[in-house]
Each structure stands twice: as structure tokens, then as C-alpha cells.
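The values are calculated or read from the model by the stated rules, or taken from the named source; none is laboratory data. Small disclaimer: the values here were computed from a predicted structure and weren't measured. Quick reminder, even Gly has a Cβ in these numbers, built from the backbone with ideal geometry, and neighbours come from all protein chains shown. Protein only, heavy atoms only, side chains kept; ligands, DNA and RNA dropped before computing areas. Shrake-Rupley method; radii C 1.70, N 1.55, O 1.52, S 1.80 Å.
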Amino acid sequence: MSPQTSFTASPDPEDDPVAAGVSAGSGRGLVILPTYNEVDSIAGIVESVLGRDGRLSVLVVDDASPDGTGALADSLAAAEPRVNVLHREGKLGLGTAYIAGFRWALERDFEWILEMDADGSHDARYIPDMIAATARFDVVVGSRYTAGVNVINWPMSRLLLSYYANKYARIATGLRLADSTSGFKCFARRALEAIDLDRVGSTGYTFQIEMNFRAWKQGFRVGEVPIVFTDRRLGRSKMSGAIVREAVWRVWALRLRSLIGRL
């Protein structure tokens with residue numbers, strides 16, 4: 001396969017026979033929720049996810065949250081078999097949390113593996129659209145920028161940083177996504193199985209770009225469905241200067257490694 005990037009509107013199962021078939025089909029999905037101090041939001045997020053489809057499960061990957069998020073997640077898991085918890089020994093980074101979740105999912109034969117923030121900024125109502133879109137794409141990105149700018153409650157400085165970071169990523173990598181930094185996405189199992197997770201080196205902001213890029217370079221179809229992103233209502237952003245600095249150089253490193261066959 002040659003690398004492909006595609007774009008799509010959010011499918012409506014009632015109007016789209018392909019989407020309807022996926023919605024009604026067999027298979028199981030896992031939503032990975034990395035957490036660090038999300039005790040105020042995690043229960044509501046888990047409830048919202050599980051209510052979307054009986055085939056969905058949740059994996060909470062908690063980095064030893066000092067606010068008790070891990071203990072609350074354990075209590076949710078004790079009450080609901082579709083909730084699972086992976087405890088880590090400290091704050092080890094978003095990228096490694098997702099890698100741990102991916103490995104956990106692949107070992108248990110989930111067909112769809114989704115990334116989602118645990119702070120309320122991602123709305124679980126888009127999950128069925130994203131799963132349905134795997135009939136056409138191998139990686140589905142929940143995009144804030146395919147249908148205008150769909151971001152609520154961000155300060156202008158943060159919005160401009162995100163918007164132009166995505167333009168920068170398109171120039172550096174050649175991957176034509178409107179929102180390659182989105183952390184709300186769905187991988188078809190076939191795409192994750194083909195990526196050497198041991199070689200994924202990004203830990204923060206660039207992790208999303210790297211996963212999209214690696215899938216694309218493997219010949220998989222990367223597509224987008226529009227979402228509305230609402231800034232977290234609880235807790236504090238994990239964005240830092242170090243994360244931004246990593247993004248500046250890491251995207252060019254990915255492009256270079258691809259060109260010399262070392263990706």
C-alpha cells in the first residue's frame with residue numbers, strides 16, 4: 001500500500017450503510033484513559049463511555065495520582081467488569097501511558113482501540129462515529145479543525161498555539177491532517193499491530209503526530225471526523241514548555257528518519 005491521508009465528515013449510521021454496518025457489527029472496543037489527578041472527572045467520563053455501546057470497555061492508566069484517582073478507578077472496576085485499571089509507579093508521560101494501554105489492548109484482542117482525555121474535553125458521543133469510520137480508515141482522528149475551528153473555552157493564545165502547531169506539523173512531516181495533534185482518536189487493530197511500539201519515542205505533545213505519521217508511512221489510511229473540543233472544566237492543563245520544545249524538533253526528526261529508512 002502507498003501512504004494515504006483522507007478526510008471525511010462525521011458518518012451518520014442512519015444515512016450511511018457502511019457506518020450502519022460497523023455500528024451493528026461484532027467486535028469490541030477499548031477506550032484508554034490516561035489519568036493524573038482526574039478524581040473529579042473520571043467517574044463521569046467512564047459512565048459516559050460505557051453508555052455509548054455495550055461492546056466498549058475502559059482502561060484507566062493511572063500514574064500514581066496523589067489525589068486518589070487510582071483508588072476511585074479501582075472502585076469503579078470492582079463494580080463494573082468493563083472497567084479495568086493499570087497502575088504505574090509515577091508520572092511517566094502521556095506517550096508511555098498510551099503505549100502501555102496499546103499493549104494491554106492488543107494482548108486482549110480488542111478490534112478498536114481509542115485514545116481519549118479524562119478531563120471532560122472529549123465528548124464520548126463521537127465514539128460511535130469514530131468506530132464507524134474505521135470501515136474506511138485505519139486511524140481515525142477526532143479533529144477540531146476540519147469544519148472550521150471547533151474549540152470552546154480556550155484562551156486565544158492556546159488556540160493559536162494549537163492551530164499553528166498543526167500547520168507546522170503538516171509542513172515538517174508531509175502528513176496532510178488538519179489536526180494531527182488531537183488526542184481523541186481510534187485505531188483499527190490492524191494499524192496498531194503493524195507499528196513497532198518499541199520505536200515510538202515521543203512522550204508528550206508530539207506523541208499523537210508520531211503515531212499518525214508511523215501509521216501513514218506503513219501505508220495505512222489516516223482520516224478525520226469533526227468533533228467539538230471543550231476545554232477542561234476541572235483540574236489543570238498538563239501543557240508545558242518542555243512539551244512544546246519536544247514538538248519543535250521531534251517532527252523534523254521523524255521526517256529525517258523516514259527519509260533515510262530508520263523510522
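Mean projected area of the convex hull spanned by the Cα atoms of segment 110-204, taken over all viewing directions: 7.2 nm².
Taking other residues whose beta carbon is less than 12 angstrom from the beta carbon of I113, and scoring Lys, Arg as +1 and Asp, Glu as -1, yields 0. Report W216's accessible area, 1.4 Å probe, all protein chains in place, as a number in Å² to the nearest 10. We get 30 Å² for W216.
When the alpha carbon gyration tensor of segment 14-153 is reduced to an equivalent ellipsoid, its three semi-axes come out at 26, 18, 14 angstrom, largest first.
Leaving ligands and nucleic acids out of the surface, order Y168, Y98, Y36, Y145 by accessible area at 1.4 Å, largest first.
Y168, Y36, Y145, Y98
Charge tally around T146: other residues with Cβ under 15 Å, Lys/Arg +1 each, Asp/Glu -1 each, net +3. On the principal axes of its alpha carbon atoms, segment 174-213 extends 25, 21, 20 Å, with the longest extent given first.
With the whole protein complex present, F229 retains an accessible surface near 20 Å², based on a 1.4 Å probe.
On a full-extension model of 0.36 nm per residue, what is the gain between I171 and S75, subtracting their alpha-carbon distance, rounded to one decimal in nm?
Working it through step by step, the gained length comes to 30.0 nm.
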